[in-house]
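Each reported figure results from applying straightforward, stated rules to the coordinates on display, with no laboratory input. All values derive from a computational prediction rather than experimental measurement. Here the Cβ positions follow ideal geometry from the backbone for every residue, glycine too, while neighbour counts run over all protein chains shown.
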Ligand code: RB5
């Protein structure tokens with residue numbers, strides 16, 4: 001399992017915490033930056049992680065900006081990406097179970113690092129249920145060609 005990591009300047013510190021968690025779990029990751037607190041444009045980084053997941057280079061992604069909103073909007077423009085901005089563990093669980101989300105977005109200025117790491121763990125530990133939810137995910141995918 002390789003996880004795509006990407007963030008803007010607001011997400012650098014949280015990404016480093018997430019890397020420690022992934023290291024502890026023996027999970028691989030590819031870091032698409034940014035790695036300084038110099039101001040950058042989040043769409044570029046959301047798109048990079050999105051492309052890595054959509055192409056199959058990475059199985060899942062975790063992307064971070066100040067709110068999680070801008071970078072998730074950007075990532076969701078990449079065909080095949082289902083990025084979910086989660087502010088609690090229930091959302092992280094349900095977006096894996098029902099939406100088969102392949103990217104978790106986090107707002108580093110919204111959730112503290114302790115909660116963020118629990119959200120990451122929940123996202124990674126939860127599987128897609130399939131069944132009737134597969135039909136709905138297929139309908140989402142169909143919209144990419146609408
Ligand atoms: C950057 O200041 C901020 O706009 C960005 O991190 C994010 O919150 C955008 O949605």
**Report entry** Members of the stretch 82-101 found to be touching a strand residue (DSSP E or B) at 6+ places or on another chain (Cβ under 9 Å), away from the ligand (no atom under 12 Å from the Cβ) and over 21 Å from residue 131 (Cβ atoms), listed by number
**Finding:** 83, 86, 87
Query raised in the report: Looking only at the stretch 82-101, which residues are surrounded by fewer than 24 Cβ atoms within 10 Å (Cβ to Cβ) and outside any helix (DSSP H, G or I)?
Result: 82, 84, 87, 88, 98, 99, 100
Requested in this report: Considering only the stretch 23-33, state which residues are closer than 20 Å to residue 101 by Cβ and either within 16 Å of the ligand (Cβ to nearest atom) or in a helix (DSSP H, G or I) (or both).
Outcome: 32
**Report entry** Residue match in the stretch 37-54 (condition: part of a loop (DSSP other than H, G, I, E, B) and within 12 Å of the chain's Cα centre (by Cα))
**Finding:** no
Query raised in the report: For residues in the stretch 102-122 being touching a residue at least 40 places away in the same chain (Cβ under 8 Å) and assigned to a helix (DSSP H, G or I), which is farthest from the ligand (Cβ to nearest atom)?
Result: 121
Report summary line: Picking from 2, 36, the residue that is within 16 Å of the ligand (Cβ to nearest atom) and either touching a residue at least 24 places away in the same chain (Cβ under 8 Å) or farther than 26 Å from residue 129 by Cβ (or both) would be 36
Query raised in the report: Picking from 79, 20, 15, which residue would you name as being free of Cβ contacts under 8 Å to residues at least 12 places away in the same chain and either crowded, with 19+ Cβ neighbours inside 10 Å or more than 11 Å from the ligand (Cβ to nearest atom) (or both)?
Result: 20
